[in-house]
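Encoded as structure tokens, the structure appears first; notes follow it.
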Amino acid sequence: MCAADAFNEVEGSVTCDKYGQYMLYNQTTKNCFCLTTFILQPDDTCSCKTGETLMGTTCQSCETAKWKAETGPRLDLQQLVHLPIEPEFWRTKSRSTDIRECPVPEACVGGNGMNYCCVGHDGPYCNLCVDGWTMDPLMLCKSCKNSSTDTAITLVVLAVGAALLLVFTS
């Protein structure tokens, strides 16, 4: 009896052949075939079609995965570095396929470099401010040089709000 990832080409054979990743073996036809979303390549491996990328164990369109598929489904690490991601998305490293949506979309500019964050932003999900910058109430990083103006505006808005609250509650 063969293991779950192997098959016998010849009935009664004690030799088990392994089939490739994302493949199944049809006992009736005695052929291996790719899982539903994959295509069989000339080297007898299964991969995603051009314009699709592997998401878990299925192929999905590159647009769904927020990729701009310029190089096809098989990417080496050098190609991955140059593969741009859409604005409002972030990835852990330049060679990572783990792309995530930013909680503050304006903070993530996308692109294909080392920094996917807007100026002043840094860190995971571009959700931290660099030195010399501070986070405003909208979760956007502002230069500390401009923060005194922002503070003055915030104080004026709070004072007007307090005055209106006093007028309407008395």
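Exactly one residue among GLY51, GLY72 is modelled with pLDDT of 75 or more and within 21 Å of GLY110 (Cβ to Cβ), and that residue is GLY51. Does SER94 fit the bill of being touching a helix residue (DSSP H, G or I) at 6+ places or on another chain (Cβ under 9 Å) and modelled with pLDDT under 85? Yes; evaluated as a whole, the condition is true for this residue.
Whenever a residue of the range 104-118 is under 20 Å from TRP133 (Cα atoms) and modelled with pLDDT of 85 or more, its partners that are assigned to a loop (DSSP other than H, G, I, E, B) and acidic (Asp, Glu), lying with C-beta atoms within less than 6 angstrom and at least six residues away or across chains, give the pairs PRO105/GLU88; CYS108/GLU88.
The values are calculated or read from the model by the stated rules, or taken from the named source; none is laboratory data. What you see is a predicted model, and the numbers here were worked out from it, not measured in a lab. As a convention, Cβ positions derive from the backbone with ideal geometry for all residues, glycine included, and neighbour counts pool all protein chains shown.
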